[in-house]
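Chemist: Provided herewith is a single structure, encoded as C-alpha cells, for subsequent inquiry.
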Amino acid sequence: METATLAGGCFWCLEAVFNRLEGVTSVQSGYMGGTVARPTYEQVCTGKTGHAEVVQLTFDPAAVSFAEILDVFFAMHDPTTPNRQGNDVGPQYRSAIFYHSPEQRRAAEEALRKIPNAVTELRPASDFYPAEDYHTRYFENHPAQPYCAYVVAPKVKKLESKFPERLKA
C-alpha cells in the first residue's frame, strides 16, 4: 500500500471522488502544508495557518497507479487557478501535491509538465492533521446539503462519466 496527499479545493469534493476510485482503500480529510500544529477547521478557514485542505489516500499501486490518481485529481479541479476552486477562495483551497517518495515526485513533475499554466504546488509531505470527525464521508452523509448537491455531486458525476472503468464495483 502507498499513501498520497492531495489538495484541490474543498476536501469534501476530493474525498467523495476518491472514495469511489478502484484501488483506493481509504480516504481521510485533513490539513497539511502549514505552520500551525493540530489546526482546527475554523483556524484553517481563516487562511492564516498556511495549511491546505487535503485528502490523504491509501491505495494499492497494483490496482491504481499514482499517475492514474493524478489523472483523476487534475480532472476534478482547476490546477491553473491560484488559491481558489469555484466559490471557495483562500490559500486553504490551493492546488498541491504533497509527495511521499521520489517516485511520486517524478510522476507529479511529469503530470504537471502536461498542464499549461499550472500553479499546483509540489512539496514533500509534512505533518498530516486529520480533520474533525464530522468531515468524514461528508457528501455521503449530507447529499442534500446545498454545497454537496451543487458542488460535490457534479464532481462525482464527472468522475463516473470520465473514468467509468476506474470505479469501484
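The values are calculated or read from the model by the stated rules, or taken from the named source; none is laboratory data. Predicted, not measured: the structure shown is a model, and the values here were computed from it. When we count neighbours, we look across all protein chains shown, and the Cβ atoms used for this are built from the backbone with ideal geometry, even at glycine. To get the accessible areas, we keep the full protein, side chains included, count just its heavy atoms, and leave off ligands, DNA and RNA. Shrake-Rupley method; radii C 1.70, N 1.55, O 1.52, S 1.80 Å.
Chemist: Select from Lys48, Lys155, Lys114 the residue whose mean-square fluctuation is largest in a Gaussian network model of the chain (Cα-Cα springs shorter than 10 Å).
Modeler: Lys114
Chemist: In addition: Can you tell me, using C-alpha contacts under 8 Å and at least 6 residues apart, the relative contact order of the chain as a whole percent?
Modeler: About 32 percent, as a whole number.
Chemist: Then there's this: For the range 106-121, just list the computed ³J(HN,Hα) in residue order, Karplus coefficients 6.51, -1.76 and 1.60, θ = phi - 60°, integers in Hz, with x standing in for Gly and Pro.
Modeler: Ordered by residue, 3J(HN,Hα) equals 4, 5, 5, 4, 5, 4, 5, 4, 8, 10, x, 6, 5, 10, 4, 6 Hz.
Chemist: Run the simple label-point estimate for Arg38 and Thr25 please: 7 Å along Cα→C-beta, distance reported in nm.
Modeler: According to this spin-label approximation, the distance is 2.8 nm.
Chemist: Provide the per-residue ³J(HN,Hα) series for the range 67-72, in order, calculated from phi with Karplus coefficients 6.51, -1.76, 1.60 and θ = phi - 60°, each as a whole number of Hz, with x at glycine and proline positions.
Modeler: Listing the rounded values in order: 4, 5, 4, 5, 4, 5 Hz.
Chemist: Local charge sum around Gln43 (other residues, Cβ-Cβ under 14 Å, Lys/Arg +1, Asp/Glu -1)?
Modeler: Taking every Cβ under 14 Å from that of Gln43, the sum is -1.
Chemist: Given the -39500 (n - 2.57) contribution per DSSP H run of 4+ residues, what per-residue ellipticity at 222 nm results for the chain, rounded to the nearest 500 deg cm²/dmol?
Modeler: The helix-only estimate for the chain comes to -8000 deg cm²/dmol at 222 nm.
Chemist: Rounded to the nearest percent, how much of the accessible area of the chain (1.4 Å probe, protein heavy atoms only) is carbon and sulfur?
Modeler: 51
Chemist: Separate question: Compute, for Leu167, the solvent-accessible surface of its heavy atoms (probe 1.4 Å) with the complete set of protein chains present, and express it in square angstrom to the nearest 10.
Modeler: Solvent-accessible area, nearest 10 Å²: 50 Å².
Chemist: Still on this structure: Using only C-alpha positions, report the orientation-averaged shadow area of the convex hull of the range 75-153, nm², one decimal.
Modeler: 6.3
Chemist: Averaged per residue, what accessible surface does the chain expose to a 1.4 Å probe, in Å²?
Modeler: 48
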